[in-house]
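S.K.: Let me give you the structure first, and then I'll get to my questions.
No lab work stands behind these numbers, since they all come straight from the coordinates. Just so we're clear, the structure is a prediction, and the values are computed from it rather than from any experiment. Note that each Cβ is placed from the backbone with ideal geometry, even for glycine, and that neighbours are counted across all protein chains shown.
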Ligand SMILES: [Zn+2]
Ligand SMILES: [Zn+2]
C-alpha cells in the first residue's frame, strides 16, 4: 500500500522540519518505548536517530494508522509538492512520547499515533504530476493522512514489481499533466485548410521527440499535420459511429471532427517510438470526444474497445506499437 501525509499547516510544517527533514534524536526517549519497538529500531541501527511522524486521534486517522504495515510506502506532501518518500518501519501508539516530541495542538491533542520511517529519500513530485499519474482529477489536493486509492494504485502497479520502482518513475516527471489541457489548444490549430493534406504516403515509424514548453506548459509535441492526415483518412467522420453528424467547419469546409490520441500523449515516455502518429490519432465527434475524457468508466470502456479494435492492428504493423486492451484501459485509469 502507498500512503501519504501532508505537512502544510503551521504545526505540521514545524514537525516536518523537526522529525522528517532531519531525524529525531529518539535516544533521549528510548526508555519510554515498548520493548518490540526498541528492538526493531536497534536492529535497523535507528535507536539513536530516526525519522518519524504522528497522526492526531480521529476516526479516519486511527483506522488508517491501524492498517499501516512494515514496508508500506509513505509519501510526504508539502506546499511544494511531494518532497520525500520513505518506508514504514514500525508504529506505536504513545501519547507521552508524542507530547514530548511535538507538544500539543490548540485543543490539547497530540500526534500520538506514531510511525517510524526508514530509507527516507528526497523526491520532487508536483501534485499535478501525481494526479495525472494515478488518474485523479487535475485539481486534486492531498489532505491529511491518507492512502492512494486502491484501484488507482492497482492500475499503475501492473507495470512495476515494487513500489520503489513506481516512485522512481513518478519522480522522473515524464508524465506531463498539462497534456490534457494542451489538447484543447491543439484542436484549434487543426481548424484550417485541408486541401494540401495528402493521405497517400505511408505512415512512418519515428523516434519520440523531447517534451517542449508549449503555451507556457510542458507537454509532448503534437504535429498538426499528422492529426490532419488522420482526420482526413477517417473522411471527417466520427470513428465511434459514422452516423454522428456534426456541422461544417467554416475554416476547413469539412465536417467538424476532433483529433484524439488513443494512447494519450502524456504516456509518451512509456514508448521509445513516437505515439504522435496517424494510427494513434482517432477522429471523434465532439460528444464522443468529451465522453472518452469525462464519462464514467463503463462508458469509456465501450468506446475504447471500439477504437482499440480499429487501431490495434495498424499500430502493430505500421509503427510496431503493441499494446493490449488492458494496457489501453490502464492509460485511462480503468482496471
Ligand atoms: Zn482527447
Ligand atoms: Zn461520435
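S.K.: Beta carbons within 10 angstrom, averaged per residue: use that to sort the peptides 275-285, 117-127, highest first.
M.R.: The packing order, highest mean first, is 275-285, 117-127.
S.K.: What spacing in nm lies between the two simple spin-label points modelled at residue 14 and residue 184, each 7 Å away from Cα in the Cβ direction?
M.R.: 4.2
S.K.: Against the 2.2 N^0.38 Å scaling, with N counting residues, where does segment 95-238 land? I'd like the Cα-based Rg ratio to two decimal places.
M.R.: My calculation over the Cα atoms of segment 95-238 gives 1.59.
S.K.: Using the count of nearby Cβ atoms within 10 Å as a rough guide to exposure, how do 157, 52, 74 rank from fewest to most?
M.R.: 157, 74, 52
S.K.: Order these peptides, 34-45, 312-323, by their mean beta-carbon neighbour count within 10 angstrom, highest first.
M.R.: Most protected by this proxy first, the peptides run 312-323, 34-45.
S.K.: In units of 2.2 N^0.38 Å, what is the alpha-carbon radius of gyration of segment 2-171?
M.R.: Ratio of Cα Rg to 2.2 N^0.38 Å: 1.02.
S.K.: Starting from the eigenvalues of the Cα gyration tensor, five times each then square-rooted, give me the equivalent ellipsoid semi-axes of segment 179-331, largest first, whole Å.
M.R.: 21, 19, 16
S.K.: Further question on the same structure: How do 30, 130 rank when sorted from fewest to most other Cβ atoms within 10 Å of their own Cβ?
M.R.: In increasing order of surrounding Cβ atoms, one gets 30, 130.
S.K.: Can you tell me the relative contact order of segment 179-331? Whole percent, Cα pairs under 8 Å, sequence separation 6 or more.
M.R.: Normalised by residue count, the contact order of segment 179-331 is 25 percent.
S.K.: So how far apart, in nm, are the two label points at residue 159 and residue 253 if each is 7 Å from Cα heading toward Cβ?
M.R.: Spacing of the two 7 Å Cα→Cβ label points: 4.3 nm.
S.K.: Separate question: Evaluate the relative contact order of segment 2-171 (contact order divided by residue number), counting alpha-carbon pairs under 8 angstrom at least 6 apart; express in whole percent.
M.R.: This gives 26 percent for segment 2-171.
S.K.: Within a 10 angstrom radius of the beta carbon, how do 93, 261 rank from fewest other beta carbons to most?
M.R.: In increasing order of surrounding Cβ atoms, one gets 93, 261.
S.K.: If packing is taken as the average count of other Cβ atoms within 10 Å, what order do 241-247, 225-231, 143-149 fall into, highest mean first?
M.R.: 225-231, 143-149, 241-247
S.K.: Moving on to the next point. Rg and Dmax of the chain, using alpha carbons, in Å: what are they?
M.R.: When restricted to the Cα atoms of the chain, Rg and Dmax are 24.9, 81 Å.
S.K.: Next question, about the same structure. Expressed as cubic angstrom per residue, what is the convex hull volume of the alpha carbon set of segment 284-335?
M.R.: Dividing the Cα hull volume of segment 284-335 by its residue count gives 75 Å³.
S.K.: Working out 0.36 nm times the residue gap between residue 305 and residue 1, then minus their Cα-Cα distance, what length gain in nm do you get to one decimal?
M.R.: Extra length available between residue 305 and residue 1 comes to 106.4 nm.
S.K.: Also, quick follow-up: Quick one: if you stick a label point 7 Å off each Cα along the C-beta vector at residue 105 and residue 140, how many nm between them?
M.R.: 2.4
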